[in-house]
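The values are calculated or read from the model by the stated rules, or taken from the named source; none is laboratory data. These figures come from a predicted structure and were not determined experimentally. Positions of Cβ are backbone-derived with ideal geometry, glycine not excepted, and every protein chain shown enters the neighbour counts.
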Amino acid sequence: MSTEMEPIAEMICELTRNCSIKEEYFAASFNLSPTEVKFLKLFAVKPKYTIKELRDILKLTPGRITHILTSLEAKNLISRTLDESDKRVILVSILPKANPLITNLHQNYTELHNRILQNVDEKELEKISSSLKILNEVFSKWVNQK
């Protein structure tokens, strides 16, 4: 079984490396870090998060979250405020200046993936989608077991 898994493990590693390169390329085009992009993309779904929610979603340490927040605050993209109902909780919100950026991030992210996959036919796209769903489920189960 071990030798059968080696090619799969190597392909997953190669995919991870290529995704990392893609994320760095994409983030650099917005003068952001890949983690800042992931962070800001969350605000397309919901306008406010607690720091704990961000930590849980992004699986980052408190120190790393603080570093990202400080960087995005310096760029006037987010703000931190105390929760009125619980002063121990800090809420993170996007500032109005960030809304067009987040929309632009989403559009450009979609366009980049369209360019990457433009020469893949419909049948292959279905296979890719199905395989990625399975991989995400497998990895999610593994992560949640830890």
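At least 2 residues being farther than 24 Å from T110 by Cα and at pLDDT 90 or above is the threshold, and among the helices (runs of 4 or more DSSP H) wholly inside the stretch 21-84 those reaching it are 51-58, 62-74.
If only residues of the stretch 17-56 that are farther than 20 Å from N114 by Cβ and among the aromatic types (F, W, Y) are counted, the one that is surrounded by the fewest Cβ atoms within 10 Å (Cβ to Cβ) is F43.
Within the stretch 33-62, residues that are within 16 Å of L77 (Cβ to Cβ) have Cβ atoms under 7 Å from residues that are among the hydroxyl-bearing types (S, T, Y) and surrounded by fewer than 17 Cβ atoms within 10 Å (Cβ to Cβ) in these pairs: E36/S71; P47/S93; K48/S93, counting only partners at least 6 apart in sequence or on another chain.
Let's see how each residue does on (1) touching a strand residue (DSSP E or B) at 6+ places or on another chain (Cβ under 6 Å); (2) farther than 18 Å from T16 by Cβ; (3) not aliphatic (A, V, I, L, M):
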residue	(1), (2), (3)
P100	no, yes, yes
H113	no, no, yes
I134	no, no, no
E137	no, no, yes
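What are the residues in the stretch 88-103 that are farther than 14 Å from K46 by Cα and touching a residue at least 24 places away in the same chain (Cβ under 8 Å), if any? Hits for the stretch 88-103 are V89, I90, L101. N31 meets the conditions (1) touching a strand residue (DSSP E or B) at 6+ places or on another chain (Cβ under 9 Å); (2) on the phi > 0 side of the Ramachandran plot in every case but one. The failed one is (1). Taking the stretch 85-119 as the range and being within 15 Å of E36 (Cα to Cα), modelled with pLDDT of 90 or more and among the hydroxyl-bearing types (S, T, Y) as the test, only S93 passes. Only one entry in N119, N108 is in contact (Cβ under 8 Å) with a residue 40 or more places away in the chain, among the polar types (S, T, N, Q) and at negative phi, namely N108.
Of these, S79, S71, S85, S140, which one is of a type in the set (G, A, S), over 15 Å from L42 (Cα atoms) and surrounded by 11 or more Cβ atoms within 10 Å (Cβ to Cβ)?
After ruling out the rest, the residue left standing is S71.
Could we say that Q145 is free of Cβ contacts under 8 Å to residues at least 12 places away in the same chain, of a type outside the set (A, V, I, L, M) and closer than 18 Å to E36 by Cβ here? No, not satisfied.
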